[in-house]
1. List the residue pairs whose Cβ atoms are under 9 Å apart, where the first residue sits in region 263-288 and is in contact (Cβ under 8 Å) with a residue 24 or more places away in the chain, the second is open to solvent by 80 Å² or more (accessible area, probe 1.4 Å), and the two are 6 or more positions apart or on different chains.
2. Just to check your reading of the model, which residue among 84, 48, 13, 79 is aliphatic (A, V, I, L, M) and open to solvent by less than 20 Å² (accessible area, probe 1.4 Å)?
3. In region 246-297, how many are open to solvent by less than 30 Å² (accessible area, probe 1.4 Å), over 15 Å from residue 209 (Cα atoms) and within 24 Å of the chain's Cα centre (by Cα)?
4. Kindly provide the set of residues from region 87-103 that are more than 27 Å from the chain's Cα centre (by Cα), open to solvent by less than 70 Å² (accessible area, probe 1.4 Å) and at pLDDT 85 or above, ordered by number.
5. Show the residue pairs meeting these rules: Cβ distance below 8 Å; 6+ apart or different chains; first residue within region 100-119 and on the phi > 0 side of the Ramachandran plot; second residue in a strand (DSSP E or B) and among the aromatic types (Phe, Trp, Tyr).
6. Residue 8 versus (1) modelled with pLDDT under 90; (2) buried (at least 20 other Cβ atoms within 10 Å of the Cβ); (3) over 28 Å from residue 99 (Cβ atoms); (4) not aliphatic (A, V, I, L, M): which is the lone unmet condition?
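The values are calculated or read from the model by the stated rules, or taken from the named source; none is laboratory data. A quick note: this is a predicted structure, and the numbers were derived from the prediction, not measured. FYI the Cβ positions are ideal-geometry reconstructions off the backbone, even for glycines, and counts take in every protein chain you see. Areas reflect the complete protein model, heavy atoms only, side chains present, ligands, DNA and RNA absent. Shrake-Rupley method; radii C 1.70, N 1.55, O 1.52, S 1.80 Å.
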Amino acid sequence: MSEAMSDPLADVVSLLQPVPSISKRVTGGGGWRVERTEMGTPFYCAIVSGGCLLTPSGRDPIRLEAGDFVLVPEIFDFVMTGLVPPGPQATPLWQEISPGVIRQGDPEAPTDVIMLVGHCTFASRDRSLLVSLLPDIVHVRGQDRLMQLVQMIDDETRGARVARDMVLGRLLELLLIEALRATADTIVSPGMLRGLADPQLSVALREIHADPGRPHSVAALAKSAAMSRSTFCERFHREIGAAPMEYVTNWRMAVAGEMLMKRTAPIAEIAREVGYGSASAFSVAFARHTGRPPGAFADAQG
């Protein structure tokens with residue numbers, strides 16, 4: 001692996017391959033309510049003024065106010081309302097008042113929120129694994145850089161400039177990295193970010209990402225983290241949500257999948273790059289992980 005692939009957060013965002021989808025400006029007023037189901041896509045929202053409530057399925061409402069940013073890497077069902085929600089029987093009312101500008105609720109009522117809303121997709125075939133390394137919900141307050149990035153995405157979406165798609169892709173990567181690192185010290189759910197916030201675990205994580213082909217072991221990783229083997233395993237699983245060698249294998253497979261997709265090297269060389277002594281051993285492990293052998297996986301990527 002190159003030195004560029006030694007930052008775990010940058011690694012994961014890069015391999016997710018975020019692709020912009022929808023960016024829109026939404027205003028709401030007059031007891032409005034939006035409900036979405038079975039989405040399964042990343043969602044983000046920045047509050048320009050006013051406030052609203054976002055309630056992902058199975059969770060308490062999140063109060064969003066001016067200057068707030070929220071990112072849900074994989075949202076399926078959610079409800080969004082004004083700060084004073086309408087009754088459950090209220091009929092959703094909305095209209096597109098101009099391209100990419102949506103009005104929720106009574107168009108004659110005073111506006112109680114203005115927000116920038118975006119959806120994207122993750123093109124990686126390993127997106128489920130990679131998303132599992134991220135927090136379920138990221139909620140950031142008072143970060144001007146995030147608000148500026150969302151504004152830039154919105155502006156670029158509406159323009160017809162050359163290289164528009166490339167610019168949007170880069171802006172989206174920056175947005176994800178900025179959002180995730182802004183909350184690395186306060187993440188509640190286990191995942192890679194909680195591991196990176198731990199001074200000792202972060203050393204082991206960076207070693208895994210810097211060189212997945214090294215013959216990693218629990219003992220060696222624990223030593224690099226200056227911890228006993230038992231303490232390291234317990235803390236790694238608690239903070240990151242996976243056993244150390246499970247994480248190593250998952251990362252090796254994600255890196256291998258990227259190399260196969262880009263056809264950067266023969267399978268035997270990829271096997272060595274991710275720590276397997278033979279192409280056959282790698283093929284067995286890769287097929288177990290993805291459900292298809294390396295050659296078939298590469299062919300499916302076109």
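1. Taking only residues 6 or more apart or on different chains, the pairs are 270/264; 275/214; 275/215; 282/272.
2. Working: 84 fails: open to solvent by less than 20 Å² (accessible area, probe 1.4 Å); 48 fails: open to solvent by less than 20 Å² (accessible area, probe 1.4 Å); 79 fails: open to solvent by less than 20 Å² (accessible area, probe 1.4 Å).
Being aliphatic (A, V, I, L, M) and open to solvent by less than 20 Å² (accessible area, probe 1.4 Å) holds for just one of 84, 48, 13, 79, which is 13.
3. Result for region 246-297: 3.
4. 98, 103
5. Every condition considered, the pairs that remain are 105/94.
6. (1)
Each row is one residue, and each column tells you yes or no for (1) within 17 Å of residue 150 (Cα to Cα); (2) within 17 Å of the chain's Cα centre (by Cα); (3) open to solvent by less than 60 Å² (accessible area, probe 1.4 Å); (4) of a type in the set (Ser, Thr, Tyr).
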| position | (1), (2), (3), (4) |
| --- | --- |
| 22 | yes, yes, no, no |
| 25 | yes, no, no, no |
| 35 | no, no, no, no |
| 57 | no, no, no, yes |
| 63 | no, no, no, no |
